[in-house]
Amino acid sequence: MNIKPRYIEIGGIQIEIVRKPIRHLRLGVFPPTGRVRVSAPLHVNDAAVRSMVVSRLNWIRRHQARFVGQPQPLACEMVTGEAHYYQGQRYPLQVIETQAPPKVVLNGNATLELYARPGADAARRAVILDGWYRQQLKTLLPDLIARWQPVIGVDVAAWGVRKMKTRWGSCNTRTRRIWLNLALARKPLQCLEYVVVHEMVHLLEPNHNARFKQLMDSFLPRWRLLRAELNRAPQRE
């Protein structure tokens, strides 16, 4: 069921309300602009949504303040010399035209070499780089998940990688499937691990409540520091 989002203003802040077949209200503040969205169950009325938002206004403003003054992601031209990130490290891109199949090669700590056919435009080159990022995550994730399953005491039935606009990861507690954001390939490895643990803990506690935070504290005591590192100024998309 797709219901068109509604917008209300509370305390000078525009709030997007999206109604979904869920059981609990969910509030989020998203980079890079501090956009606020409430996911609301179908049966919850606007008064209840408004009451919840009013009670969380200070929390919303604190999170919005984290994004103020952060540099915005730059549009990719996908040309030689342009900076891109892998596992938190900055690499200059080197575009090499070739008649061979496209690929990306990490040349030590020097450059990201992107091999593309002559005439490939920026969009096509971006697809090649995204494909490489996806493969790197698919290589890293099985070991991370296998390492944490016995620690947390859960079984991940399936996982996948996809582009996400507002989340680093998601978890379907019914199917025990987790999704990870493709952009995590650009972030430090410890940030990827934090998101994996975060989503796996949702298999024990679906909500971001006190119990969830206690579980995170027990499994990954540094999770708040890692979350802050993950949400620092956006890197090139």
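Read the figures in this text as sums done on the coordinates, not as results from a lab. Quantities reported herein were computed from a predicted structural model and do not represent experimental measurements. Note that each Cβ is placed from the backbone with ideal geometry, even for glycine, and that neighbours are counted across all protein chains shown.
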Return the sequence-ordered ³J(HN,Hα) values of the range 58-64 in whole Hz as given by the Karplus equation 6.51 cos²θ - 1.76 cosθ + 1.60 applied to θ = phi - 60°, using x for Gly and Pro.
5, 4, 4, 5, 4, 6, 5
Output the antiparallel fraction of DSSP beta bridges having both residues in the range 6-67, as a percent to the nearest 5.
60 percent
Considering only the chain, percent of DSSP beta bridges that pair antiparallel, nearest 5
60 percent
Full extension between Asn207 and Val127 adds, at 0.36 nm per residue less the Cα distance, a length in nm of 25.4 nm
Mind checking which aspartates and glutamates have their Cα closer than 12 Å to the Cα of Lys213? Skip sequence neighbours fewer than 8 apart in that chain.
Glu205
Please report the net charge: other residues with Cβ closer than 13 Å to the Cβ of Met200, K and R +1, D and E -1.
-1
Relative contact order in percent for the chain (Cα pairs under 8 Å, 6+ apart) equals 15 percent
Could I have the simple spin-label model distance between Glu9 and Glu97, label points 7 Å from Cα toward Cβ, reported in nm to one decimal?
5.2 nm
The correct pair for the chain, radius of gyration to one decimal and Dmax as a whole number, both in Å and from Cα atoms, is 19.9, 61
In the chain, with Lys and Arg counted as +1 and Asp and Glu as -1 at Cβ, which of these residues, Gln64, Cys76, Gly119, has the Cα nearest the positive end of the dipole, that is, farthest along it?
Gln64
Give, as a single signed number, the net charge of other residues whose beta carbon lies under 9 Å from the beta carbon of Pro41, with Lys and Arg counted +1 and Asp and Glu -1.
+3
Neighbourhood net charge (9 Å Cβ-Cβ; Lys/Arg +1, Asp/Glu -1) for Arg6
0
With no solvent and one equal point scatterer per Cα, compute the Debye intensity ratio I(q)/I(0) for the range 91-183 at 0.14 Å⁻¹ and report its log10, rounded to two decimals.
-0.65
Per-pair calculated FRET efficiency, R0 = 22 Å: Gln214 and Arg66 via Cβ, rounded to 0.05
0.40
Taking θ = phi - 60°, what integer Hz values does the Karplus form 6.51 cos²θ - 1.76 cosθ + 1.60 yield along the range 15-20, in sequence order, with x for Gly and Pro?
10, 8, 10, 10, 8, 9
For the pairs Lys20/Lys165; Lys20/Lys187; Lys138/Lys163; Lys103/Lys138; Lys165/Lys187, flag any whose C-alpha to C-alpha distance is greater than 20 Å.
Lys20/Lys187
Run the numbers on the range 108-222 and let me know its relative contact order in percent, using alpha-carbon pairs under 8 Å that are six or more apart.
21 percent
Return a whole-number percent for the relative contact order of the range 34-133, with Cα pairs under 8 Å and 6 or more residues apart as the contact set.
18 percent
